[in-house]
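Colleague: The following block contains the structure, expressed as structure tokens.
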Amino acid sequence: MLATFFLLHGRFTLRWRMGARTARLIAGCASKFASNIRLLRDGKSAKAKSRISLLMLGSMDPGTSVDVEVFGPDAYEALQEFTQLFTCGPVQHRCPHQDCDSTPTLVGYGGGRVLYACTGSEQHSWEVIEESSALTITDLESDLSSAPCIHLN
């Protein structure tokens, strides 16, 4: 019996800064699938299962366009997961804390919750809860700077 492989493509606009923690989240997400997953930006390509490869794409701020190419037996499921990842939460251009101008990175998502952390000297962290059309931003008391990236259930 022959396996069926699909090649699927999606284009997304980043809602957050792509940093090391977000690269870890993306690589963890990609590692759940048998398919080959690549991120493409400005003629550069990166293996989504490799944090190093993702970081070689260079600095990416909110508003940057990224293409996702998926090839393999579970391509449809992988692209669905990446669609959820790249469309979760509102656009975050800067930390919501007064006097902090750093750009947030995504550190977790799922179940209507999105976790962010900033790279400023204070290393703020917060969550956004998506309920119908209302968003609630809540400061997190614990420091997420050393926490693993997570996909919330």
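Colleague: Can you tell me how many residues within the stretch 13-32 are within 15 Å of Ala46 (Cα to Cα) and in contact with a helix residue (DSSP H, G or I) (Cβ under 8 Å, 6 or more places away or on another chain)?
Modeller: Going through the stretch 13-32 one residue at a time, the tally reaches 9.
Colleague: So if I check each of Leu40, Leu79, Leu57, which one is in contact (Cβ under 8 Å) with a residue 12 or more places away in the chain, surrounded by 13 or more Cβ atoms within 10 Å (Cβ to Cβ) and closer than 26 Å to Glu127 by Cα?
Modeller: The conditions single out Leu79.
Colleague: Looking only at strands (runs of 3 or more DSSP E) that lie completely in the stretch 1-112, which have at least 3 residues being aliphatic (A, V, I, L, M)?
Modeller: Because the criterion is at least 3 residues that are aliphatic (A, V, I, L, M), the strands (runs of 3 or more DSSP E) in the stretch 1-112 that meet it are 36-41, 65-72.
Colleague: Hey, another quick one. Evaluate the stretch 25-40: report whether one residue or more is over 15 Å from the mean Cα position of the chain (by Cα) and on the phi > 0 side of the Ramachandran plot.
Modeller: no
All of the numbers you see were taken from the coordinates with simple rules; none came from a lab. From a predicted model like this one, the values you see are computed outputs, not experimental measurements. As a convention, Cβ positions derive from the backbone with ideal geometry for all residues, glycine included, and neighbour counts pool all protein chains shown.
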